[in-house]
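A.B. asks: Provided herewith is a single structure, encoded as structure tokens, for subsequent inquiry.
Only the coordinates and a few stated rules stand behind these numbers; no lab work does. What you see is a predicted model, and the numbers here were worked out from it, not measured in a lab. Cβ atoms come from the backbone with ideal geometry, glycine included; neighbour counts cover every protein chain shown.
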Amino acid sequence: MKVPNSELNNCIRRLRFDNGRMTQQDLADRVGVTRQTIIAIEQGKYSPSLPLAFRIAKTFGTTIEQVFELNEC
Amino acid sequence: MNRLQKSAWLNLAFVTAMVIFCGIIFSVMVLLRVPGGIIGLVSFIISSAVFGLISFMIYRKKGIEAKFDERELKINARAKLWALGILFFFLAYICVGPFFFLGAKAHIPVYVLPLIFLGSLFISQLVHSAVILIRCMLEDESAE
């Protein structure tokens, strides 16, 4: 689950595949951002804001802690 | 091409066209030795009003930046910061440089001033658009 260059680790890619193989574009449309933003989040190059993180978690029907993990290294 | 890239290209194209157009007008006025005074002031007011109206019509209809998501807003803000920084250095060297190169008692023609303004405008927009486009290009290369 570890991704580089970010304070947050995430498992968005796995959750997308677990939720009917959702595409990045599908997820982007549902949370109101661009596909490039979803890509950047998955690759750990961008840390989402709190509202966006909550919207992502809500889309997957899970809690924010199960989507994002603080990187304390 | 996403909204951010489109916005960067549109702004760069508009500013470039405006700088070229104004540069041509100023060059013609310098070559024709257009007199200053009331004629120059009225010309300046009219051209500023026309340019302001065109800008308002273009940017009011564009509305692209209003639809940026949070990441694009951050990239745009960072690009504006870079543009401001480069603009500062450009103006510093352009305005202070001649003092050292030409000496304290030297004179420069008045038409240099609008050229400095146009140059500043072009350089700041060039940097702003370049930062956005380079950032988007680097992200596209690493995208799946």
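A.B. asks: Which residue, A:Leu50, A:Leu15, A:Leu27, tops the fluctuation ranking in a GNM of chain A built on C-alpha contacts under 10 Å?
C.D. replies: Top of the fluctuation ranking is A:Leu50.
A.B. asks: Continuing with this model, one more query. Taking DSSP loops as anything outside H, G, I, E and B, show the longest stretch in chain A free of trypsin sites (Lys or Arg not before Pro) there with at most 14 other beta carbons within 10 Å.
C.D. replies: A:22-73
A.B. asks: Hey, got a sec? Which chymotrypsin sites (Phe, Trp or Tyr not before Pro) in the range B:101-144 land in a DSSP loop and have at most 13 other Cβ atoms within 10 Å? Walk me through the intermediate numbers first.
C.D. replies: Working: sites: B:Phe101, B:Tyr111, B:Phe117, B:Phe122; in loops: B:Tyr111.
Answer by residue number: B:Tyr111.
A.B. asks: Still on this structure, I have one more. Taking 0.36 nm per intervening residue step and subtracting the Cα-Cα distance, what contour gain separates B:Leu91 from B:His107 on full extension?
C.D. replies: Length gained between B:Leu91 and B:His107: 4.0 nm.
A.B. asks: I need the trypsin sites (Lys or Arg not before Pro) found in the range B:63-144, filtered to DSSP loop residues with at most 14 other beta carbons within 10 Å of theirs.
C.D. replies: B:Lys105
A.B. asks: Counting each DSSP H run of 4 or more residues in chain B as -39500 (n - 2.57), what helix-only mean residue ellipticity at 222 nm follows after dividing by all residues, to the nearest 500 deg cm²/dmol?
C.D. replies: -29500 deg cm²/dmol
A.B. asks: Also, I was wondering about something else. Over the Cα atoms of the protein assembly as shown, Rg to Rh with Kirkwood Rh, two decimal places?
C.D. replies: Ratio of gyration radius to Kirkwood radius: 1.15.
A.B. asks: Give the value in nm², to one decimal: projected area of the alpha carbon convex hull of the range B:98-138, averaged over all directions.
C.D. replies: 3.9 nm²
A.B. asks: Which whole number gives the average count of other chain Cβ atoms within 10 Å of the Cβ atoms across peptide A:34-45?
C.D. replies: Partner-chain Cβ atoms within 10 Å, mean over residues of A:34-45: 4.
A.B. asks: Can you give the calculated 222 nm mean residue ellipticity of chain A, where each DSSP H run of n ≥ 4 adds -39,500 (n - 2.57) and the sum is split over every residue, rounded to the nearest 500 deg cm²/dmol?
C.D. replies: After summing the helix terms and dividing by residue count, I get -13000 deg cm²/dmol.
A.B. asks: Which GluC sites (Glu not before Pro) does the range A:30-73 hold that lie in a coil by DSSP with at most 10 other beta carbons within 10 Å?
C.D. replies: A:Glu72
A.B. asks: While we're here: Mind pulling the per residue volume of the convex hull built on the Cα atoms of chain A? Å³ is fine.
C.D. replies: Normalising the Cα hull of chain A by residue number yields 74 Å³.
A.B. asks: Here's another thing I want to ask about it. Rounded, prolate or oblate, given the Cα gyration tensor of the range B:10-144, with a/c below 1.5 counting as rounded?
C.D. replies: oblate
A.B. asks: Could you grab the relative contact order for chain B? Cα pairs under 8 Å, six or more apart, rounded to a whole percent.
C.D. replies: Here the relative contact order equals 50 percent.
A.B. asks: While we're looking at this one, here's another question. Taking H placed 1.01 Å from N in the peptide plane, check which residues at least 5 places from A:Leu8 or on another chain put their amide H under 5 Å from its amide H.
C.D. replies: Result for A:Leu8 returns A:Asn71.
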